[in-house]
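Below: one structure in structure tokens.
A short reminder: the numbers here are calculations on the coordinates, not readings from a lab. Values in this document were obtained by computation on a predicted structure and should not be read as measured data. Backbone-built Cβ (ideal geometry, glycine too); neighbour counts: all protein chains shown.
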Amino acid sequence: MNYSDRAIALAVICLATLALLLVWLLDDKDATTPVHKEDSDTTLTVAPVSRPPVGYDVVPPRPQEVFPFDPNTADSTQLLRLGLQPWQVRNIYKYRAHGGVYRQKEDFAQLYGLTVKDYRRLEPYIRISSDYQPASTLMKEEPGARDTLKYPVKLKEDEHVVLNRADTATLRRVPGIGQYYAKEILRYGKRLGGYVSVDQLDEIDQFPQESKKYFIVEHPDPQRLNVNRLSLTELRRHPYINYYQAKAIVDYRRLHGPLRSLQDLRLSKDFPPEQIARLEPYVEY
């Protein structure tokens, strides 16, 4: 190899060494890239902030009242007294301002945010004026005609309903009682085996107190449970007997024989005097 060949080879070796040095320096710089929070093994969790929907003002709970009202004409003060939220009242006003009309009670159930519980509470008090019914209905009815099935004539102040004899249609004639409570009265009476007191209506969830004065109980003759024969499961079906009370009855029969009176259970913590008195009309031995 002559001098020129050795010079060329040396130059190639120098260039190769310089290239390797540059590659190493660049790789080392890239290795110092900072680690992003999302690449870290530790995940930082931030609790979401709970905020009310935009435009929906939340007000503290207020006492709820019930009274007859027409959703087509009721003002904001009345609607707020009924327990509606301010944003619901504004929606009602907007609906009416755009020509919306509540033609039947069920229309009010479509109010945004109204729960089933609140609708059932308000439904007996909704009064839709005939002025808001379609004018075409005037051609279908004679003057003074009324659909008594859909809109039953309510009782007068001095009229009463015998609680254990009434059907759904009769119950709906009681002021404050609509389809929902009429069914609840019959359903609960069946579970009891018959009412022995008007005060038992208070055991129905949110029963309207002003309606109780229209009910009477005459010659109560409830169905009775034979506490010496029924099983624990059968005893539990009655609203006045829970699991522990049914077990106490079954245990007493097993240890002491048939019951002669509910007073036999008076030493049990599950049968205080008021419970024995409430259950007494519904048992036999």
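Compute the FRET efficiency between ARG260 and TYR112 as 1/(1 + (r/R0)^6), taking r as their Cβ-Cβ distance and R0 = 45 Å, and round to the nearest 0.05.
Working: r = 60 Å, r/R0 = 1.33.
FRET efficiency, ARG260 to TYR112: 0.15.
Just want the answer: with Cβ charges of +1 for Lys and Arg and -1 for Asp and Glu, which residue in LEU80, TYR112, TYR93 is farthest toward the dipole's positive end in the range 76-136?
Result: LEU80, furthest along the dipole toward the positive end.
Between ARG187 and TYR93, how high is the FRET efficiency from 1/(1 + (r/R0)^6) when r is the Cβ-Cβ distance and R₀ = 41 Å? Nearest 0.05. Kindly include the intermediate steps, with their values, before the conclusion.
Details: r = 37 Å, r/R0 = 0.91.
That gives a FRET efficiency of 0.65.
For the cross-link pairs LYS212/LYS269; LYS183/LYS212; LYS190/LYS213; LYS183/LYS213; LYS156/LYS183; LYS105/LYS154, which exceed 24 Å when the distance is taken from alpha carbon to alpha carbon? The partial results should precede the final answer.
On the way: LYS212/LYS269 33 Å; LYS183/LYS212 16 Å; LYS190/LYS213 21 Å; LYS183/LYS213 19 Å; LYS156/LYS183 22 Å; LYS105/LYS154 17 Å.
As for pairs spanning more than 24 Å Cα to Cα, those are LYS212/LYS269.
While we're here: Can you tell me the FRET efficiency between ARG278 and ARG165 if r is taken as the Cβ-Cβ distance and R0 is 25 Å, rounded to the nearest 0.05? All intermediate terms of the calculation are to be shown ahead of the outcome.
Numbers: r = 23 Å, r/R0 = 0.91.
It comes out at approximately 0.65.
Using the Kirkwood radius over C-alpha pairs as Rh, can you work out the diffusion coefficient of the range 145-285 via Stokes-Einstein at 10 °C, viscosity 1.306 mPa s, in µm² per second? Could you put the intermediate results ahead of the total?
On the way: Rh = 16.9 Å.
Translational D for this selection: 94 µm²/s.
Zone of HIS219 (label point 7 Å along Cα→Cβ, backbone N under 16 Å): which residues in the range 172-202?
Zone members listed by number: 195-196.
Once you order the gyration tensor axes a ≥ b ≥ c over the Cα atoms, which shape class does the range 225-284 get: rounded for a/c under 1.5, otherwise prolate or oblate by comparing a/b with b/c?
Numbers: a/c = 1.29, a/b = 1.05, b/c = 1.22.
Taking the square roots of the gyration eigenvalues as a ≥ b ≥ c, the range 225-284 is rounded.
Once amide H atoms are placed 1.01 Å from N in the peptide plane, what residues at a sequence separation of 5 or more from ASN226, or on another chain, have their amide H within under 5 Å of its amide H?
Those qualifying (amide H under 5 Å, at least 5 residues apart or on another chain) are GLU284.
Figure the gain on full extension for ARG103 and ASP70 (residue separation times 0.36 nm, minus the Cα-Cα span) and round it to one decimal in nm. The partial results should precede the final answer.
Working: separation 33, 0.36 × 33 = 11.88 nm, distance 1.02 nm.
In short, 10.9 nm is gained.
Once phi is turned into ³J(HN,Hα) by the Karplus curve 6.51 cos²θ - 1.76 cosθ + 1.60 with θ = phi - 60°, what whole-Hz value does each residue of the range 74-90 show in order, with x for glycine and proline?
4, 8, 5, 4, 5, 5, 5, 5, 6, x, 6, 7, x, 5, 5, 4, 5
Under a 5 Å amide H to amide H cut-off, with H placed in plane at 1.01 Å, what residues pair with VAL161 once short-range neighbours are removed?
Placed amide hydrogens put PHE215, ILE216 under 5 Å from VAL161.
With θ set to phi - 60° and the Karplus curve 6.51 cos²θ - 1.76 cosθ + 1.60, what are the ³J(HN,Hα) couplings of the range 272-282 in order, to the nearest whole Hz, using x for Gly and Pro?
Karplus-based 3J(HN,Hα) across the range 272-282 equals x, x, 5, 5, 4, 5, 5, 7, 3, x, 10 Hz.
Which ³J(HN,Hα) values, rounded to whole Hz and listed in residue order, are derived for the range 181-196 from phi using the Karplus coefficients 6.51, -1.76 and 1.60 in 6.51 cos²θ - 1.76 cosθ + 1.60 with θ = phi - 60°, glycine and proline given as x?
Calculated HN-Hα couplings, in order: 5, 4, 5, 5, 4, 5, 5, 5, x, 5, 5, 5, x, x, 7, 10 Hz.
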